[in-house]
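J.: What follows is a single structure, and I will ask about it in a moment.
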Amino acid sequence: LIGKGTETEPFLIRNLKELKFFRDHVNAGKTKYNAEGVHVALAANIDMATEDWSNNIGDDCNYTFDGIFNGSYNGVQYTLSNLNSTETAQKADGYICTGLFGAIAGNAVVKNFTIENVTINTGNFTGNNVAAVVGFAYSSKGSVENVNVIGNININAKDVTGVGAIVGYDYYGDLTVKNCKVAGNDGSVITGAAYVGGVIGYASTDMTAEGN
């Protein structure tokens with residue numbers, strides 16, 4: 001990815017190929033793309049319709065995203081459309097951890113973009129942590145800010161605990177979720193086994209939620 005990973009020169013994601021490259025390097029663990037404090041930015045609208053996103057950014061608790069992901073670049077806020085994820089196997093750590101970001105941790109920040117149209121199916125798998133944006137916030141002290149999930153929203157996780165549109169499960173960190181919006185078309189549905197919400201599924205006692 002072009003860029004330096006700084007606030008003024010973030011690593012830029014300009015197409016689906018680069019989004020997958022970023023994901024794969026986060027999931028490799030301990031790379032420069034998932035380090036705390038690294039800045040990554042969307043620099044274009046991206047249609048994800050051709051990709052099954054069951055391999056998420058931060059695919060389990062061992063390989064979390066800890067940096068700053070900004071969906072706005074040069075004053076333009078971008079959209080990821082047609083996020084699809086069909087789980088075919090439980091993750092190695094026993095969780096589901098499904099979303100654009102499967103798991104975040106540390107001081108991770110995810111902000112300033114829209115997901116338009118999302119379909120997630122977890123089949124008969126049990127576990128935790130499903131959402132369009134962040135499945136699992138793992139003892140995170142960061143934030144999810146100014147993120148929209150709109151359009152056709154179909155999150156089918158009938159045997160999963162902790163299911164939402166923005167955050168599925170916050171595990172006893174100090175996460176802040178603010179100024180996020182969920183607006184589904186007629187027929188949209190979010191289904192889970194327990195702790196299910198339109199915005200957040202499970203919120204620990206230390207979570208801050210405001211302006212959503």
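J.: Using 21 Å as the Cα-Cα cut-off, could you pick out the over-long pairs in 111/158; 32/111; 30/181?
T.: Violating the 21 Å limit, Cα to Cα: 111/158; 30/181.
J.: So, one more: Decide, for the stretch 165-208, between rounded, prolate and oblate: order the square roots of the alpha carbon gyration tensor eigenvalues as a ≥ b ≥ c, take rounded if a/c falls under 1.5, and otherwise choose prolate if a/b is larger than b/c, else oblate.
T.: In terms of gyration-tensor shape, oblate.
J.: Something else about it: With P(r) over Cα pairs in 10 Å bins from 0, in percent in mind, check [x] 7, 22, 24, 20, 16, 9, 2, 0; [y] 9, 27, 32, 26, 7, 0; [z] 10, 41, 40, 10, 0 and report the label derived from this structure.
T.: [z]
J.: Can you give the % of DSSP beta bridges in the chain that are antiparallel, to the nearest 5?
T.: 5 percent
J.: First check a/c for the stretch 133-212, with a ≥ b ≥ c the square roots of the eigenvalues of its C-alpha gyration tensor; if it is under 1.5, answer rounded, and if not, answer prolate when a/b is larger than b/c or oblate otherwise.
T.: On the way: a/c = 2.48, a/b = 1.31, b/c = 1.90.
Because a/c hits 1.5 or more and a/b fails to exceed b/c, the stretch 133-212 counts as oblate.
J.: Amide H of residue 127: which non-local residues (sequence gap of 5 or more, or other chain) have their own amide H closer than 5 Å, using H built in the peptide plane?
T.: Amide H neighbours of residue 127: 161.
J.: So, one more: Show me 173-180, 186-193 ranked by packing, highest mean number of other Cβ atoms within 10 Å first.
T.: 173-180, 186-193
J.: Also: Which whole-number value in Å² is the accessible area per residue of the chain, probe 1.4 Å?
T.: Per residue, the chain has an accessible area of 40 Å².
J.: Let me ask something else. Go ahead and estimate [θ] at 222 nm for the chain from helices alone: -39,500 (n - 2.57) per DSSP H run with n ≥ 4, summed, over the residue count, rounded to 500.
T.: Computed ellipticity for the chain at 222 nm equals -2000 deg cm²/dmol.
J.: Another question about this same structure. Could you give me the ³J(HN,Hα) list for the stretch 118-133, computed from phi with Karplus coefficients 6.51, -1.76, 1.60 and θ = phi - 60°, whole Hz, x at Gly and Pro?
T.: Whole-Hz 3J(HN,Hα) from phi for the stretch 118-133: 9, 10, 10, 10, 10, x, 9, 6, 9, x, 9, 6, 9, 7, 5, 9.
J.: What do you get for chymotrypsin sites (Phe, Trp or Tyr not before Pro) in the stretch 157-187 restricted to DSSP loop and a cutoff of at most 16 other Cβ within 10 Å of the site's Cβ?
T.: Listed in order of number, the matching sites are 172.
J.: Report the one residue of 70, 120, 104 whose Cα lies farthest in the direction of the positive end of the charge dipole of the chain (charges on C-beta: Lys and Arg +1, Asp and Glu -1; origin at the Cα centre).
T.: The one lying farthest along the dipole's positive direction is 70.
The values are calculated or read from the model by the stated rules, or taken from the named source; none is laboratory data. Worth saying up front: this structure is predicted, and the values here are computed from it rather than measured. Glycine also receives a Cβ, built like all others from the backbone with ideal geometry; neighbour counts cover every protein chain displayed. Only protein heavy atoms, including side chains, enter the accessible area calculation; ligands, DNA and RNA are left aside. Shrake-Rupley method; radii C 1.70, N 1.55, O 1.52, S 1.80 Å.
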